[in-house]
1. Take residue 22 and tell me if it is polar (S, T, N, Q), within 23 Å of residue 143 (Cα to Cα) and touching a Leu at 6+ places or on another chain (Cβ under 6 Å).
2. Give me the pairs: first residue in the stretch 130-159 and of a type in the set (Phe, Trp, Tyr), second residue modelled with pLDDT under 95, beta-carbon distance under 8 Å, and six or more apart or on different chains, which are they?
3. So, of the residues in the stretch 114-159 that are among the aromatic types (Phe, Trp, Tyr) and in a strand (DSSP E or B), which turns out to be surrounded by the most Cβ atoms within 10 Å (Cβ to Cβ)?
4. How many residues, within the stretch 82-96, are surrounded by 13 or more Cβ atoms within 10 Å (Cβ to Cβ) and either among the basic types (Lys, Arg) or within 17 Å of the chain's Cα centre (by Cα) (or both)?
5. Restricting the search to the stretch 28-45, which residues are within 18 Å of residue 143 (Cα to Cα) and part of a loop (DSSP other than H, G, I, E, B)?
Amino acid sequence: MSEQTKPIAVNAAEAPARTKPSNYPEPFASQMLGREKRPLGDLFGLTNFGVNLTRLAPNAVSSLRHAHSKQDEFIYILHGYPTLQTDEGRTVLSPGMCAGFKAGTGNAHHLSNETADDVVYLEVGDRTAGDEGQYPDDDIQALLVEGKWKFTHKDGTPY
């Protein structure tokens, strides 16, 4: 998208949804069914950080539970009551609540929608080169290489 075709402003709920539902390889990608991301930052050509408007249908999850080595993450709940799971346990969030996840702490996290209504939230994360993702509950690990996630098993074999 050229500088001339980038919008000045958009209605976030009407921004195009990401065409690829998940970057994870199978069997993990199909676990992201019911999650819809609208990459808002990309619309404006932002490169230092990403912003997504994310919707979780009932019984959907935001991601595999994970922790980043270099990427800070932040979420802000707009609608619904997701359950945040971290190493400290489970916390039900509500509209107006936010949470942040500092890089390098190893504290793995994700959201799940255990309600009958949709959850909508903003997620913000930086795009630090060389970031690694650790997934304590699953046999997967990730490395950010030239802006793309590369996934392997924990023993280093590729998916």
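The values are calculated or read from the model by the stated rules, or taken from the named source; none is laboratory data. Owing to the predicted nature of the structure, the values given are computational and were not obtained by experimental measurement. Note that we place each Cβ from the backbone using ideal geometry, even for glycine, and neighbour counts take in every protein chain shown.
1. Working: polar (S, T, N, Q): yes; within 23 Å of residue 143 (Cα to Cα): yes; touching a Leu at 6+ places or on another chain (Cβ under 6 Å): no.
No, not satisfied.
2. Correct list of pairs: 149/23; 149/143; 151/23; 151/158; 151/159.
3. Let us first name the residues in the stretch 114-159 that are among the aromatic types (Phe, Trp, Tyr), namely 121, 135, 149, 151, 159.
From what is left, the residues that are in a strand (DSSP E or B) are 121, 149, 151.
Working: 121: 23, 149: 14, 151: 16.
If we take residues in the stretch 114-159 being among the aromatic types (Phe, Trp, Tyr) and in a strand (DSSP E or B), then 121 is surrounded by the most Cβ atoms within 10 Å (Cβ to Cβ).
4. Of the residues in that region, 6 qualify.
5. Here is the first cut: in the stretch 28-45, the ones within 18 Å of residue 143 (Cα to Cα) are 28-29.
28 - this is the single residue of the stretch 28-45 that is within 18 Å of residue 143 (Cα to Cα) and part of a loop (DSSP other than H, G, I, E, B).
Residue-by-condition table, conditions (1) at pLDDT below 95; (2) surrounded by 16 or more Cβ atoms within 10 Å (Cβ to Cβ); (3) in contact with a Phe, Trp or Tyr (Cβ under 9 Å, 6 or more places away or on another chain); (4) not hydroxyl-bearing (Ser, Thr, Tyr):
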residue	(1), (2), (3), (4)
38	no, yes, no, yes
43	no, yes, no, yes
55	no, yes, yes, yes
58	no, no, no, yes
65	no, yes, yes, yes
70	no, no, no, yes
73	no, yes, yes, yes
77	no, yes, yes, yes
